[in-house]
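Asker: Mind looking over this structure? Questions follow.
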Amino acid sequence: MSPATPQIVRRDAPPRVVWALEQAGVHPLLARLFAGRGVRSPDELDPALERLLAPPTLRGTDAAARLLADAIAERRRICVIADYDCDGATACTVALRGLALLGAAPGTLGYVVPDRAVHGYGLTPAIVDLAREQRPDLLMTVDNGIASLDGVAHARRHGLAVVVTDHHLPALVDGRVVLPDADVIVNPNQPACAFESKSLAGVGVAFYVLLALRAELRRRGVFGAGDGAPPQPRLDTLLDLVALGTVADVVKLDVNNRRLVAQGLKRIRAGRMQPGVAALFRVAGRDPARACAFDLGFALGPRVNAAGRLADMTLGIECLLTDDPARADELAVLLDGINRERRSIEGGMNAQAELHLAEAVARQAGAALEAGATPPAVAIFDDSFHEGVVGIVASRVKERLHRPTFVFARGKDGLLKGSGRSIAGFHLRDALDLVSKRHPELLKRFGGHAMAAGCTVAADGFATFEAALREVAREWLAPAALTRTLLSDGPLGVEHFNAETIRRLDDQVWGQAFEGPLFSAEADVVAQRLVAEKHLKLTLRVDGTLREAIWFGRCEPIGERVRVAYRLTVDSYNGVERVQMVVEAAF
């Protein structure tokens, strides 16, 4: 199936906004880039912690703080229920480190993380029973729990208090939102929550609960009230973990999330980070002094995630929890090895997925589609697929074809476990809800967000799911939505084509919904050759100057005159730095 041919559309950077940002001291190039991403005031660029949204505006934080403060005062045992991705691992670590900082007695804190293949996702009754082996008095979920109706009820029946901290969408039962019967729920996406940042990651929610808990303890005179009370602990020591989890979970980098990430990166660049984070930088071969969001999302995040995909996320959590640098190095090396194995498995699954896609088009040819056309949504299943890697493969296929995509593997219970990724205009969780209404026995479980979701399908239900998903996509997606769009920042002047510009850009926080700069230009192709048998090395003439470029994953030659969309990077070879264009599209 052919990749989606993109359109290059220039971002709208209102001149008056650009001028206002420049007048406030913002570099002219950055002013243009920020204005094109919706920044309208210099205040939005201030990363100060004092500008974070106030914890009390996040519904449930005050109640959670009182419950946790009581538990700490009474030395009750608290068990954190984690999730098996990087957001869940960092949220668990933030909760445990933060509760200890705020006075939880030694021996009163524990955690449980589900095994993806054995327990599935969230606070299930089985996970409650596993946690009960630690004899807790209170369960605190992180990055899960909002849809765990049965698990919360099971915990309450056994006399456990439950604090749910999550950022996912609530469960839908017969088309209506149903919340678990927890003692407290903290989730910006629960009904009646006025918190402005609906994109807070699970680790961000956990951090906000700790901020509220510290304020509650301060009100009780535990910290900083004079009369000999000790100063309040510094929770900003946890911001490297908050930044890692936020970027790795690919949540929207709104103003509040950008501040959290900026503060975390500031600490990392200054060398103030958990030993596990430092160890992950070492095994990834990245320099923490020059850390950027890309490092968190594409170097550290995948190594933590690999534990939950192929092994046990306990490895990732322990790496982030340990204060022993040698132990952190040991665990980081293990995580790096697991990630290499994940990449190998993913490569085989991607190749197999291509065969399934070709077969899918062939089945549709002559019916609703012309031969070689791409259906409006894609679903792939193979019995050889690994359950822990389906989400990555779905993301790769979605990016290449620009179609909502689900990839399934068979779980140990025989049911099909699917992970989906979507495109703008197609709310994946809502699509699953509609599929479940039309086929009541098909989906055993489902949940997620607009852009990412998961589901469990009956063992023999793949064909029905594939047809149902495509039917919803045909109804919801207009032809324009099926065209991949690259938002360009326009041409880059020759005065900015240098390593200093790249360093200036790398100092900023870019990511989901605040994408890194993508420039475009008309170019003459002076030379092109294949390197490593899979990348196209180019020499381009742009505005009369020669520039080096590379197009990763491109094997076919291009024409003599092209419009090119590209990012900037520094290519270091034998100690010499050269500015290089990384091509995203050319036609």
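Throughout, read-outs are computed from the coordinates displayed, never taken from laboratory work. Since the model is a prediction, treat every value here as computed from it, not as a measurement. Note: ideal-geometry Cβ built from the backbone for every residue, glycine included; neighbour counts use all protein chains shown.
Asker: Compute the Cα gyration tensor for the chain, then decide on rounded, prolate or oblate, letting a ≥ b ≥ c be the square roots of its eigenvalues: rounded whenever a/c is under 1.5, prolate when a/b is larger than b/c in the other cases, and oblate in all that remain.
Answerer: oblate
Asker: 222 nm [θ] for the chain, helices only, -39500 (n - 2.57) per DSSP H run of 4+, per residue, to 500? Working shown, then result.
Answerer: Working: 17 runs with 220 residues, N = 587.
One gets -12000 deg cm²/dmol as the mean residue ellipticity at 222 nm.
Asker: From the residues 194, 210, 121, which one has its Cα farthest along the dipole of the chain in the positive direction, the dipole being from +1 and -1 charges on Cβ of Lys/Arg and Asp/Glu about the Cα centre?
Answerer: Farthest towards the positive pole: 194.
Asker: May I pose another question? What FRET efficiency comes out for residue 350 versus residue 323 if R0 is 35 angstrom and r is the Cβ-Cβ distance? Round to the nearest 0.05.
Answerer: My answer for the efficiency is 0.35.
Asker: Taking +1 at the Cβ of each Lys and Arg and -1 at the Cβ of each Asp and Glu, which of 512, 557, 487 sits farthest along the dipole of region 485-586 towards its positive end, judged by Cα position relative to the Cα centre?
Answerer: 557
Asker: Region 49-227: Rg/Rh from Cα coordinates, Kirkwood Rh?
Answerer: With Rh from the inverse mean 1/r over Cα pairs, Rg/Rh is 0.95.
Asker: Given axes a ≥ b ≥ c from the Cα gyration tensor, I'd like to know whether region 254-306 is rounded (a/c under 1.5), prolate (a/b larger than b/c) or oblate.
Answerer: Numbers: a/c = 1.95, a/b = 1.32, b/c = 1.48.
Oblate.
Asker: Now, a different point. Quick one: dipole size for the chain, taken about the Cα centre, charges +1 on Lys/Arg Cβ and -1 on Asp/Glu Cβ, in debye to the nearest 20.
Answerer: Roughly 480 debye, rounded to the nearest 20.
Asker: Follow-up. Among the trypsin sites (Lys or Arg not before Pro) within region 178-253, which fall in a DSSP loop and have no more than 10 other Cβ atoms within 10 Å of their own Cβ?
Answerer: 234
Asker: May I ask for the distance between the Cα centers of region 466-528 and region 1-48, given as a whole number of Å?
Answerer: Between the Cα centre of region 466-528 and that of region 1-48, the gap is 13 Å.
Asker: Step through the table entries 412/437; 412/444; 252/537, compare each Cα-Cα distance with 23 Å, and write down the pairs that go over it. Spell out each step's value before the answer.
Answerer: Working: 412/437 26 Å; 412/444 15 Å; 252/537 33 Å.
Table pairs above 23 Å Cα-Cα are 412/437; 252/537.
Asker: Right, another one. What ranking, highest mean first, results for peptides 445-455, 482-492, 201-211, 429-439 when packing means the other Cβ atoms within 10 Å averaged over each residue?
Answerer: 201-211, 445-455, 429-439, 482-492
Asker: Once you have a ≥ b ≥ c as the square roots of the Cα gyration tensor eigenvalues for region 485-586, tell me rounded if a/c is under 1.5, and otherwise prolate or oblate according to whether a/b is larger than b/c.
Answerer: rounded
Asker: I've got another one for you. Once fully extended, how much extra length lies between residue 513 and residue 63, figured as 0.36 nm per residue of separation less the alpha-carbon to alpha-carbon distance?
Answerer: 158.8 nm
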